[in-house]
Structures are given as structure tokens and as C-alpha cells.
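Enquirer: The structure that follows is given in the form of C-alpha cells.
Here, each number is a calculation from the coordinates, and none is a lab measurement. Computed from a predicted structure; not experimentally measured. Here the Cβ is made from the backbone with ideal geometry for all residues, glycine too, and neighbour counts use every protein chain on show.
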Amino acid sequence: MATQRHNILKSVCLGECQSKDLPSELDLSSISTGMNRLWQGSIRNIRHGLVTEFGATLVWQRGRLRSTNVVQGESNTVALKPQIHRGQKFVGTFHTHPYKQGWLGIAFSGEDFATAINLRENVSVVHAGNKIAALIRTEISSHSVDSNKIVDLANELVWRYSNEKTPFAEAVQKMNIDLCVAYGLAYYLGKTDGRLTLRHKP
Ligand SMILES: [Zn+2]
């Protein structure tokens with residue numbers, strides 16, 4: 001059973017998993033310690049009103065998922081430039097979403113979707129403080145997207161979903177699912193231990 005789970009994770013990471021075979025749970029715990037460390041780094045100066053996004057490249061190496069090539073960004077962005085070395089296979093990217101206001105649980109932005117699609121990421125992961133979300137590419141997923149178009153669409157959806165009863169984080173969640181539907185991606189969400197649950201399957 002453990003071997004089967006490992007094989008499914010490998011096929012997801014290498015972009016070989018068909019939509020119909022997507023698992024109901026995705027175990028990213030092999031990178032959770034590193035992800036949580038980068039989250040702590042992102043908010044270490046939050047009491048001075050400063051936050052910093054961090055990013056990393058996700059690779060498959062020696063039979064497991066690893067995060068490498070950590071890059072430091074700005075308060076609300078990080079340039080994700082995946083680097084692959086010998087013996088590594090490209091999986092995708094990871095980055096953090098800290099907010100100086102202390103907001104938690106803000107998942108992918110429209111720009112993040114554009115990056116994930118255009119870099120052909122098999123797995124794109126965001127750490128939002130109290131939650132981790134992942135976009136998974138399948139055989140149905142779009143191969144490229146106009147980033148201005150997807151950013152405009154994301155903003156419009158968040159604006160439409162936001163109201164007194166719907167917190168910003170929840171509006172962003174709804175936008176994430178809508179964009180997954182539109183661009184043929186799978187969506188997983190879970191806690192910071194790296195154990196995620198399938199929320200949308202294309
Ligand atoms: Zn982002």
C-alpha cells in the first residue's frame with residue numbers, strides 16, 4: 001500500500017498521472033519541514049510590518065520529492081526561476097504567501113496560475129500560513145495562457161465573490177477552483193503537515 005501511494009505521488013510529480021487516477025490524498029510531507037521553515041522566514045519581521053515571500057524549485061530526486069534552490073522575493077512577489085541539476089527531474093515550484101496584516105490562508109493569485117501553466121509545472125505549491133494548496137497538471141490542462149487575461153479574470157472573480165459574509169481568503173479559494181475548472185487543473189488543499197486532500201478534479 002505504501003509503495004502504491006509512493007508510485008502515485010511519483011506519477012503526479014512527473015506529470016504522468018491521468019486525471020481519472022488522481023489520488024484523493026496527496027502526501028507532500030517530504031517537503032513540509034522545508035516549507036514550514038520558509039514560512040517562518042517569510043514572517044520573521046512581521047512585528048516590524050515586514051514580510052518576504054520565499055520560493056523554491058520542486059524536483060524528483062533519488063526516488064523522492066525535494067525542494068531546492070531557495071530564492072528570496074519581495075513583500076508580495078517572488079520570481080520563480082526553476083533550476084534543475086543532474087539527477088533531478090523538474091516537478092514545479094513552491095512559494096509562500098505572507099501578508100503584513102497577518103492574513104492567513106490566501107491561496108494562489110492569478111499570476112501564480114499563469115506561472116504554473118506557462119512553466120508547465122506538474123505541481124505548484126503555495127504555503128499560506130495555516131494551509132498549503134497545490135495545483136496539479138493533468139492531460140487536460142492548458143499548455144499556455146495569456147497572463148494578463150488570467151490575472152484580470154482572477155481579480156474579477158475575487159471581486160464578485162467578496163462580500164461581508166465571505167472573507168477574502170474564502171473568495172480567493174473560490175476563484176482558485178473556478179480557474180482550475182477553466183484551465184483543466186486539479187486542486188488540493190490541506191494543513192501545514194503537507195497532507196493534502198483533493199478539492200477539484202478536472
Ligand atoms: Zn503567489
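Enquirer: For region 97-202, rounded, prolate or oblate, judged on the Cα gyration tensor with a ≥ b ≥ c (square roots of eigenvalues), a/c < 1.5 rounded, else prolate if a/b > b/c?
Expert: Since a/c reaches 1.5 but b/c is at least a/b, the shape of region 97-202 is classed as oblate.
Enquirer: Roughly how many nanometres apart are two label points built 7 Å out from the Cα toward the Cβ at S144 and D193?
Expert: That separation, rounded to one decimal, is 4.3 nm.
Enquirer: If neighbour count is taken as other Cβ atoms inside 10 Å, put D152, D112 in order from fewest to most.
Expert: D152, D112
Enquirer: Helix-only mean residue ellipticity at 222 nm, the chain, DSSP H runs n ≥ 4 weighted -39,500 (n - 2.57), per residue, nearest 500. What is it?
Expert: -10000 deg cm²/dmol
Enquirer: Please list, in order along region 49-60, the HN-Hα scalar couplings obtained from phi with the Karplus expression 6.51 cos²θ - 1.76 cosθ + 1.60 (θ = phi - 60°), rounded to whole Hz, x for Gly and Pro.
Expert: x, 10, 10, 9, 6, 10, x, 7, 8, 9, 10, 9
Enquirer: Between T166 and N7, what is the label-point separation in nm under the 7 Å Cα-to-beta-carbon projection?
Expert: Simple spin-label model gives 4.2 nm for this pair.
Enquirer: Now, a different point. Over the chain, what is the relative contact order in percent, taking alpha-carbon pairs closer than 8 angstrom and at least six residues apart?
Expert: With pairs under 8 Å counted, the relative contact order is 22 percent.
Enquirer: When the Karplus curve 6.51 cos²θ - 1.76 cosθ + 1.60 is applied with θ = phi - 60°, which whole-Hz ³J(HN,Hα) does each residue of region 93-101 get, with x for Gly and Pro?
Expert: The phi angles translate into 9, 10, 7, 9, 10, x, 10, 5, 6 Hz.
Enquirer: A further question on this structure: Restricting things to alpha carbons, tell me how big the chain is in terms of Rg and Dmax, in Å.
Expert: Considering the chain through its Cα atoms, Rg and Dmax are 15.9, 51 Å.
Enquirer: So how do L50, L22 line up by other beta-carbon neighbours within 10 Å, fewest first?
Expert: The order, fewest Cβ neighbours first, is L50, L22.
Enquirer: Just to check I understand the Karplus step: with θ = phi - 60° and J = 6.51 cos²θ - 1.76 cosθ + 1.60, what whole-Hz values come out for region 138-143, glycine and proline as x?
Expert: Going residue by residue, I get 10, 5, 8, 5, 4, 8 Hz, with x marking Gly and Pro.
Enquirer: Could you list, in their original order, any pairs among K89/K149; K149/K174; K165/K191; K89/K191 whose Cα atoms are separated by more than 28 Å?
Expert: Among K89/K149; K149/K174; K165/K191; K89/K191, the Cα-Cα distance tops 28 Å for K89/K149.
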